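Here the structure comes first, spelled out in structure tokens, and everything after it is commentary.
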Amino acid sequence: MIRYIRNKIEGVNRARGEAAETIHHLFMAKLKGYITEKVYLEIRGRYKECIRMLNGLEKTLERKVPERERRWQLAEKTAVYGVKNESFPQGWPITTEHVS
């Protein structure tokens, strides 16, 4: 069963690579004047949506593989960043007037 899932994941990876390659070919066609910027952006948007769907499919398939055999973890462990009493306001840019 796991081999079947792995084969599906490999197929998803190949499809994602082909979609990315097609986006590159579209970009080259735009640079050479074969297609307009509008056509390029429209088609590229569709391919990027396909890539997002393939990413979701891969995550779904990866969840069917036992955790010990997964190639990567699907969730990050929680972490605490910074300190609670920061002496500067939140957000960017951090100005030098707030730095000690």
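Points to keep in mind about this one:
- Those residues of region 48-92 which are modelled with pLDDT of 70 or more and small (Gly, Ala, Ser), in sequence order: GLY56
- When the residues of region 39-73 are filtered to those that are charged (D, E, K, R) and in contact (Cβ under 8 Å) with a residue 12 or more places away in the chain, the one that is nearest to ILE9 (Cα to Cα) is GLU58.
Residues are listed down the side, and each one gets a yes or a no for (1) assigned to a helix (DSSP H, G or I); (2) under 19 Å from ALA20 (Cα atoms):
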residue: GLY33; (1), (2): no, no
residue: LYS38; (1), (2): yes, yes
residue: LEU41; (1), (2): yes, yes
residue: ARG44; (1), (2): yes, yes
residue: GLU49; (1), (2): yes, yes
residue: ARG52; (1), (2): yes, yes
residue: LEU57; (1), (2): yes, yes
residue: THR60; (1), (2): yes, no
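- Count - residues of region 28-66 that are over 25 Å from ARG6 (Cβ atoms) and out of contact with any helix residue (DSSP H, G or I) (no Cβ under 7 Å at 6 or more places or on another chain): 15
- A count restricted to region 1-54 and to residues that are touching a Phe, Trp or Tyr at 6+ places or on another chain (Cβ under 9 Å) and either among the basic types (Lys, Arg) or within 30 Å of ARG70 (Cα to Cα) (or both) stands at 6.
The values are calculated or read from the model by the stated rules, or taken from the named source; none is laboratory data. These numbers were taken from a predicted model, which means no experiment stands behind them. Cβ sites come from the backbone with ideal geometry, for glycine too, and all protein chains shown count toward neighbours.
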